[in-house]
């Protein structure tokens, strides 16, 4: 976590924890729509943590704190376990370079321009037309 702060990706440990909790809450909100959803499998899918535990104090906004408490009640786990689980899942996703690479590749069908009208300013349109004219002139030389 300290490296993430030193690199400027986050400004504090509280930011990392808040982001992790928000990340997990976002995942859970999508999973809750499934009729077979079970909180216990969601929070139980992390490896046992036998590392030395350090106590940290984190400032959460009211919404995240309330959601963390609600999740603790629903899963019958303590808040610190849920925070560790959230951090684990967030770091797993954050460090997954294969996922990042696959997200960078945009399928051709998403690149296709829709038939909707695109709103551009007059200056932007002039720039686009000028670029196209320059390309055509270069090709014809």
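Per-structure values
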| read-out | value |
| --- | --- |
| Taking 19, 66 and counting other C-beta atoms within 10 Å, the order from fewest to most | 66, 19 |
| Separation in nanometres of the label points that stand 7 Å from Cα toward Cβ, at residue 91 and residue 69 | 2.8 |
| 74, 132, 85 arranged by Cβ crowding within 10 Å, fewest neighbours leading | 132, 74, 85 |
| Residue order, fewest to most beta carbons within 10 Å, for 17, 83 | 83, 17 |
| Using a Förster distance of 22 Å, the FRET efficiency for residue 28-residue 6 (Cβ separation, nearest 0.05) | 0.15 |
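Every read-out reported here was derived from the displayed coordinates using simple, explicitly stated rules and does not represent laboratory data. Predicted, not measured: the structure shown is a model, and the values here were computed from it. Counting neighbours? That spans all protein chains shown, and the Cβs are built from the backbone with ideal geometry, glycine included.
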